[in-house]
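Working notes for the structure below.
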Amino acid sequence: NRNKRSIALDIKSPEGLKAAKRLVLSADIMIENLRPGALKAAGLGYGDLKPKSPGLIYCALKGFLNGPYAHRKALDEVVQMMAGLAYMTGPEGQPLRVGASVIDIMGGMFGVIGIQAALREREITGLGQEVTAALYETTVHTVAQHMMQYAVTGVPAGPMPNHPRAWSVYDTFETSDGANIFVGIVSDTQWKLFCEAFERHDLLADETLASNSLRCNARDSIIPMLRDLFITMTQDELLETCDRIGLPFAPITKPHELFDDPHLNQSGSMSEITLSDGKRSHVPGLPLDIGGRRTKIWRDLPCIGEHGSEVLKEVGYTIAGIKALQASGALLNPEEISGK
């Protein structure tokens, strides 16, 4: 965040390609996510750069790792479909992508993990290396638990909406004011807390409900009973009760409502930024606390090409050289990019 700046170069032009190489050779890390072979064809592949910068760490974010699929184009939804995640998310016969670009995000995270490992190795060897992270393999990693379930039991995993609950109470309930709240009761202790808080000592004394497995067998009677109970309460009443007695619970929240979440705003999880139209807004920061510190934004998001001249000066370009790049069309400024 501290050094977040933007330069836009046309690498199809000889001068633009020359400037791009000069920038990359001055860097510790390069990250690219173009189609397979695109930068290699332009002379910016790892093999082209390694001889001149042996300490360079070159991270490629791709759809697939090397193999029969490596030439394919991939999107978040594509790999969710082909790696089983969409099958697990939607009802039987209705594969459904997850409601956020989780694989794009996780693919980037695995790229960062690879870069960090390469940096640590460079401290020992003095050499950089090529790191590749891929969307398809990332998605396969997320469904590994279901693959291993099959390996151990021989029983294929079914879609989560049709999957038998592992807990007797693990459901969404409606309240009297029309809200929906998820409530879980996942242990004998929590079942006791629920029964005592709602004065259902008859349920606590029922030996046919004495364990989670027994309660799972009785879901057909337990869940309707809870629906009838919770519908008499407001959202605030049910949330307060669950919080007080220590049950797992969650209001069903829409993404735009998170801007007003008191925990996010009071814990330093939201950072202020300036949007492209000049308005101020907030954005979730990294979900990390390191030594009591949260991540900060040192620079607002730059316009594409906003710092072109500034960046080129740092790698030795003179004012005349920069003007020559601009005149040739190799260095683009924000106005030119927005007009295209």
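A single entry from Ser26, Ser101 fulfils the requirement of being of a type in the set (Gly, Ala, Ser) and closer than 25 Å to Lys313 by Cα: Ser26.
If we scan the stretch 187-198, do we find a residue that is of a type outside the set (A, V, I, L, M) and outside any helix (DSSP H, G or I)? The answer is yes; a qualifying residue exists. A count restricted to the stretch 49-78 and to residues that are open to solvent by 30 Å² or more (accessible area, probe 1.4 Å), in contact (Cβ under 8 Å) with a residue 24 or more places away in the chain and of a type in the set (D, E, K, R) stands at 4.
Determine, yes or no, whether Pro91 is touching a helix residue (DSSP H, G or I) at 6+ places or on another chain (Cβ under 7 Å) and surrounded by fewer than 16 Cβ atoms within 10 Å (Cβ to Cβ). Yes. The residues of the stretch 91-118 that are touching an Asp or Glu at 6+ places or on another chain (Cβ under 8 Å) and not in a loop (DSSP other than H, G, I, E, B), listed by number, are Val102, Ile103, Asp104. Tally the residues that are surrounded by 18 or more Cβ atoms within 10 Å (Cβ to Cβ) and among the polar types (S, T, N, Q), restricting the search to the stretch 143-170. Residues in the stretch 143-170 being surrounded by 18 or more Cβ atoms within 10 Å (Cβ to Cβ) and among the polar types (S, T, N, Q): 1 in total.
Per-residue answers, yes or no, for (1) at pLDDT below 95; (2) in contact with a strand residue (DSSP E or B) (Cβ under 8 Å, 6 or more places away or on another chain); (3) under 23 Å from Glu240 (Cβ atoms); (4) crowded, with 18+ Cβ neighbours inside 10 Å:
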site	(1), (2), (3), (4)
Leu119	no, yes, no, no
Arg122	no, yes, no, no
Thr172	no, yes, yes, no
Ile181	no, yes, yes, yes
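Scanning the stretch 225-244 for residues that are open to solvent by 80 Å² or more (accessible area, probe 1.4 Å), touching a residue at least 12 places away in the same chain (Cβ under 8 Å) and part of a helix (DSSP H, G or I) yields Arg227, Glu237, Arg244. Residues in the stretch 126-142 that are farther than 18 Å from Lys62 by Cα and surrounded by 11 or more Cβ atoms within 10 Å (Cβ to Cβ): Leu127, Gly128. Cβ-Cβ below 6 Å, separation at least six or inter-chain, first residue in the stretch 311-327 and in contact (Cβ under 8 Å) with a residue 40 or more places away in the chain and under 14 Å from Lys18 (Cα atoms), second open to solvent by 60 Å² or more (accessible area, probe 1.4 Å) and among the hydroxyl-bearing types (Ser, Thr, Tyr): which pairs? Matching pairs, first to second residue: Val315/Ser26.
The values are calculated or read from the model by the stated rules, or taken from the named source; none is laboratory data. Note that this is a predicted model, so its numbers are computed, not measured. Cβ atoms come from the backbone with ideal geometry, glycine included; neighbour counts cover every protein chain shown. Surface areas here come from the heavy atoms of the whole protein model, side chains and all, with no ligands, DNA or RNA. Shrake-Rupley method; radii C 1.70, N 1.55, O 1.52, S 1.80 Å.
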